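Participant: Let me give you the structure first, and then I'll get to my questions.
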Amino acid sequence: MSRYAVAKPYALPASLDRLAGPTTGPVVLPRHLDWGPPYTYDLTDPADLVLMYERVIREAQSSADLHDHLDRATLLRIWPELFLPRELRTLWQARFPELGPRAAAA
C-alpha cells in the first residue's frame with residue numbers, strides 16, 4: 001500500500017449528475033491535471049479515454065476539475081476498467097454506490 005495514496009487528499013464531485021465533460025474529440029488537460037509532456041487525448045480511442053479518466057480522477061484538485069473533464073455515462077461505463085489507488089476507488093464507491101462491484105455486475 002502506498003503511503004502517498006493514503007495521505008493524498010482526493011477531490012470528489014457532490015453528484016455524478018454534475019459530470020458534464022467532453023465525450024468526443026481531442027482533449028488537452030490543464031497542466032495541474034496532466035503534468036507530463038503535453039499530450040492530446042483522443043476520446044474515440046478507448047485506451048486514451050481510460051488514461052484521461054484515470055489522470056483526472058487521481059489529480060483533480062477540486063470538484064470543478066471533475067465536472068469539467070468527466071462525463072457521468074462514460075464514467076459509469078468504464079469505471080471497472082480504471083486503474084486507481086485502492087483508497088481512491090473506495091472513497092468514490094462509498095459516496096456513489098452505483099460505482100460499486102454489484103453495480104458493475106448488473
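Participant: Where in the range 1-98 are there chymotrypsin sites (Phe, Trp or Tyr not before Pro) that are in a DSSP coil and have at most 12 other Cβ atoms within 10 angstrom of their Cβ?
Facilitator: Working: sites: 4, 10, 35, 39, 41, 53, 83, 92; in loops: 10, 35, 39, 83.
Counting only loop positions with at most 12 other Cβ atoms within 10 Å, the chymotrypsin sites (Phe, Trp or Tyr not before Pro) in the range 1-98 are 35, 83.
Participant: Also, quick follow-up: Measuring with a 1.4 Å probe in the full set of protein chains, what accessible area per residue, in whole Å², belongs to the chain? Mind showing how you got there, number by number?
Facilitator: Working: 6240 Å² over 106 residues.
Value returned for the chain: 59 Å² of accessible area per residue.
Participant: Between the range 52-106 and the range 8-44, what is the separation of their alpha carbon centroids in Å?
Facilitator: Value for the Cα centre distance between the two parts: 12 Å.
Participant: Show me, for the range 85-95, the HN-Hα J-couplings you get by feeding each phi into the Karplus relation (A = 6.51, B = -1.76, C = 1.60, θ = phi - 60°), rounded to Hz, glycine and proline as x.
Facilitator: Per-residue couplings from phi come out as x, 3, 4, 5, 4, 4, 4, 5, 5, 5, 7 Hz.
Participant: Go ahead and estimate [θ] at 222 nm for the chain from helices alone: -39,500 (n - 2.57) per DSSP H run with n ≥ 4, summed, over the residue count, rounded to 500.
Facilitator: Values: 6 runs with 48 residues, N = 106.
Rounded to the nearest 500, it is -12000 deg cm²/dmol.
Participant: Cα convex hull of the chain: mean projected area in nm², to one decimal? Please list the in-between numbers first.
Facilitator: Working: hull surface 26.8 nm².
About 6.7 nm², averaged over all directions.
Participant: What residue among 45, 65, 34 shows peak mean-square fluctuation when the chain is described by a Gaussian network model with Cα springs under 10 Å?
Facilitator: Judging by the Gaussian network model, the answer is 45.
Participant: Same structure, new question: Of all accessible surface on the range 30-106 at a 1.4 Å probe, what whole percent is carbon and sulfur? Walk me through the intermediate numbers first.
Facilitator: Numbers: 2460 of 4300 Å².
Of the solvent-accessible surface of the range 30-106, carbon and sulfur hold 57 percent.
The values are calculated or read from the model by the stated rules, or taken from the named source; none is laboratory data. All figures in this text were calculated on a predicted structure; none of them were measured in a lab. Methodologically, a virtual Cβ is constructed for each residue, glycine included, from the backbone with ideal geometry; neighbour enumeration extends over all protein chains shown. When the accessible area is computed, the model is the full protein with side chains, heavy atoms only, and any ligands, DNA or RNA have been set aside. Shrake-Rupley method; radii C 1.70, N 1.55, O 1.52, S 1.80 Å.
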